[in-house]
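Shown next, in structure tokens, is the structure this report addresses.
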Amino acid sequence: MATRTEEEINRRRTFAIISHPDAGKTTLTEKLLLYGGAIQSAGSVKGKQTDKHAVSDWMELEKKRGISVTSSVMQFEYEGYCINILDTPGHQDFSEDTYRTLMAADSAVMVIDAAKGIEPQTRKLFKVCAMRGIPIFTFINKLDHEARDPFDLLDELETEFGIRTYAMNWPISCGISFKGVYDRQKHCILTFASSHAGRSRIEAIECDIGDTEKLDELIGEDLRETLTEQVELLDGAGFDFNLDDVKCGKLSPVFFGSALNNFGVETFLENFLKMTQPPLARESEGTTVDPFSDKFSAFVFKIQANMNKAHRDRITFLRICSGKFERGKEYLHVQSAKTMRLSQPQQMMAQEREVIDEAYAGDIIGVFDPGIFSIGDTVCDASMPVRYSGIPTFTPEHFAVVEQVDSMKRKQFSKGITQFAQEGAIQIFFLPESGMERVIVGVVGMLQYDVLEFRMESEYGVKYLKTDMPHEIIKRLADQSLDVKTLKLSEDTRWVQDVRGTNYLIFDGQWSVRWALDKNPGLILLDFDQKNETEQ
């Protein structure tokens, strides 16, 4: 007989929603929350119906820009399942945050704009999913607008990603003439009306594909002829459905709908929950950790400060990989080899929080961070020490000097910059022996500078002067004990250190890199995220 812990883990479903910007990812997230009763109307938190911003877009900058710039965690119940949704930024400038979040997911939902198909960011994110072999479900959105041929969209998915597809339902036209979808499993029609608008659930109309009279009545003769031809082609030439292939990421179930109008969302959710799995096993230094183990283990995939203005604290996000978490119990922080009580354990609904007493494998919890956690750290039961592999850091591509302008705000500037360094999404480098008044900021995408500027001013009351640098290459010294001052470097090369004191060199081009290697025999430079053999 299954224990309560096993029963709780079995009903967990943890997935990330990924897409290119504007494909409708955050809208789909809102509608899923709507079905789970976590919110009362799309774009609002329960009890706050006047606030029409997306629940997952909690940061003020997100509300002003209308885009997601940081991942959000939301948990809700639906028909006996406990669902953890990880809503990720779609913009490529925040791809590192999305990458880390995907490491915490057991499956992924890929949202694609029916008019645009696969876009560059979707392609990058898919590769991360494929690398981990996790199930991928596809929701082709915006069928109420003019769209590309659905066969072309499926072909593009198969060609671009090297994955098989199976259309769970099939669109009946698109745009102004969009009539709904045909459910291939249940042999029924879901008729579309723009009046659904995210409030009413849609009743299916049973109708076999061969029932010409009824189909003509529902969608008209012309659309019926097109639908029957297309479904016959799908049945004859399309891939067969195979749940085992879905579970290992080799076949993607495809759903068509309109998230904005709440059309096809309920069908998607119910099918998704039937096909996706409970928490997956995780690798730890060559061993496999069973999620149903009675020993607790988790890893840090995100650190976020100042999520709630009333708290002004820093929250570390943990993905629980095995067992049961219990409030008040001491656990081992592997990296520091110290045991600790994880204080203020919280369940998350974007920036809303609820203190919890227990959580299970598959759950995402937030704990107060006094400044000891780093991305990729492992926390576990001291009687079963494990160490999950670290999460790679993206190499910065743009650099700028940031210096404080108000000497009276020195303390706030230092606190804010240190906080960003510890969060890790934006790389902060310090100039040795020059103090905290002037630092170098490295980012993957230029929009991250806007996030830094906005948060420094809104959260710490600090304005600063930013000067872009021509540098574009960063290398880490293989020998960290080397006296950098003795190196012969070109005039434009900069020596910097990260928050842990690791030494790096920033170059303005490949010529400066070659010059440093030529002038310093024996010098070994590593890529930003490259490990020494002793660090493997």
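Modelled spin-label separation between Arg4 and Asp450, with each label point placed 7 Å from Cα along the Cα-to-Cβ direction: 4.8 nm.
Residue pairs exceeding 18 angstrom between C-alpha atoms, taken from Lys31/Lys186; Lys142/Lys250; Lys116/Lys247; Lys409/Lys463; Lys25/Lys274; Lys127/Lys250: Lys31/Lys186; Lys142/Lys250; Lys116/Lys247; Lys25/Lys274. For Arg410 and Ala382, a Förster radius of 51 Å and the Cβ-Cβ distance give a FRET efficiency of 0.80, rounded to the nearest 0.05.
Segment Lys124..Cys248, full-extension length gain: 42.8 nm, with 0.36 nm per residue of separation and the alpha-carbon distance subtracted.
Qualifying trypsin sites (Lys or Arg not before Pro) in region 383-436, where qualification requires a DSSP coil assignment and no more than 16 other C-beta atoms within 10 Å, comprise Arg387. Any idea what log10 I(q)/I(0) is at q = 0.15, 0.18, 0.21 Å⁻¹ for region 455-536, Debye with uniform C-alpha scatterers and no solvent? Debye curve over Cα of region 455-536, log10 I(q)/I(0) at q = 0.15, 0.18, 0.21 Å⁻¹: -0.62, -0.81, -0.99.
Taking packing as the residue-averaged number of other Cβ atoms within 10 angstrom, the listed peptides 465-473, 5-13 run from highest to lowest as 5-13, 465-473.
Its Cα centre serving as origin, the chain has a Cβ charge dipole (Lys and Arg +1, Asp and Glu -1) of approximately 2280 debye. Look at the alpha carbon pairs under 8 Å that are at least 6 residues apart: their mean separation over the length of region 98-248 gives a relative contact order of 18 percent.
Taking N as the residue count of region 232-365, its C-alpha radius of gyration divided by 2.2 N^0.38 Å amounts to 1.39. Given their separation in residues at 0.36 nm each and the Cα-Cα distance between them, Asp290 and Asp235 gain 16.0 nm when the chain is fully extended. Length available on full extension from Asp22 to Gln510: 0.36 nm per residue minus the Cα-Cα distance, which gives 172.0 nm. Measuring how big the chain is from its alpha-carbon positions, Rg and Dmax come out at 25.2, 87 Å. Considering only beta bridges that DSSP places wholly inside the chain, some 75 percent are antiparallel. To the nearest Å, what is the center-to-center distance of region 507-529 and region 375-407, using C-alpha atoms only? Using only Cα atoms to place each centre, the spacing works out to 24 Å.
Label 7 Å along Cα→Cβ of Ser177; region 217-231 residues with amide nitrogen under 13 Å? Within reach of a label on Ser177, which here means backbone N under 13 Å from a point 7 Å along Cα→Cβ, region 217-231 contributes 219-227. For the peptides 510-518, 250-258, the ranking by mean Cβ contacts within 10 Å, running from highest to lowest, is 250-258, 510-518. Across region 113-178, Cα-Cα distances exceeding 20 Å account for 28% of all pairs.
Modelled spin labels at Lys329 and Phe151, positioned 7 Å past Cα toward Cβ, are 5.6 nm from each other. Apolar share of the accessible surface for the chain: 47 percent from carbon plus sulfur atoms, 1.4 Å probe.
Placing unit charges on each Cβ (+1 for Lys and Arg, -1 for Asp and Glu) gives the chain a dipole about its Cα centre, and among Gly249, Ser458, Val386 the Cα reaching farthest toward its positive end belongs to Ser458. Over the chain, accessible surface divided per residue gives 43 Å², non-protein components excluded, 1.4 Å probe.
The values are calculated or read from the model by the stated rules, or taken from the named source; none is laboratory data. Please read all numbers here as calculations on a predicted model, not as lab measurements. Heads up, the Cβs are rebuilt from the backbone with ideal geometry, glycines too, and the neighbour counts pull from every protein chain shown. For the accessible areas, the whole protein counts, side chains as well, though only heavy atoms, and no ligand, DNA or RNA atoms are used. Shrake-Rupley method; radii C 1.70, N 1.55, O 1.52, S 1.80 Å.
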